[in-house]
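Structure record follows, encoded as structure tokens.
The values are calculated or read from the model by the stated rules, or taken from the named source; none is laboratory data. Computed from a predicted model, the values in this text were never measured in an experiment. Every residue, glycine as well, gets a Cβ built from its backbone with ideal geometry; the counts of neighbours run over all protein chains shown.
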Amino acid sequence: MIINGIDYTGCRVTLNHVIKAKIFTPDNRGYCVPGMRAFAKANGLDFGKFVREGILLEDFIKFENDNMAKKVIQEAKKQWVAEVAL
């Protein structure tokens, strides 16, 4: 999957990206695990598989209209560029 000239083939969105995205609920409690678990359930994703393996960016990108997902995707892409697509 190529976005803006960068090859994201093999990039996986992980729980680490959720944590690093620093997404907060209106009461400032954070989003991390409980929020991602709820997101997974609402969107038909296997949360256990997400925790173990992550989800390929090309499969997760369909959720980018969701504000939380958009921030997580941005974090995954940022990390991918920093570590892999040099």
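Quick look at the numbers
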item: Enumeration of residues in the stretch 29-55 that are surrounded by fewer than 16 Cβ atoms within 10 Å (Cβ to Cβ), modelled with pLDDT of 90 or more and under 14 Å from residue 17 (Cα atoms); result: 51, 52, 53
item: So residue 18, is it β-branched (Val, Ile, Thr), at pLDDT below 95 and surrounded by 17 or more Cβ atoms within 10 Å (Cβ to Cβ); result: yes
item: Cβ-Cβ under 7 Å pairs, at least 6 apart or on other chains, the stretch 1-23 side without any contact (Cβ under 8 Å) to a residue 60 or more places away in the chain, far side of a type in the set (A, V, I, L, M) and exposed (fewer than 13 other Cβ atoms within 10 Å of the Cβ); result: none
item: Top-ranked residue in the stretch 41-86 [being among the small types (Gly, Ala, Ser) and touching a residue at least 60 places away in the same chain (Cβ under 8 Å); ranked as farthest from residue 15 (Cα to Cα)]; result: 85
item: Filter pass, residue 5 being among the small types (Gly, Ala, Ser), modelled with pLDDT under 95 and surrounded by 11 or more Cβ atoms within 10 Å (Cβ to Cβ); result: no
item: Residues of the stretch 56-86 classified as crowded, with 17+ Cβ neighbours inside 10 Å and among the β-branched types (Val, Ile, Thr), total; result: 3
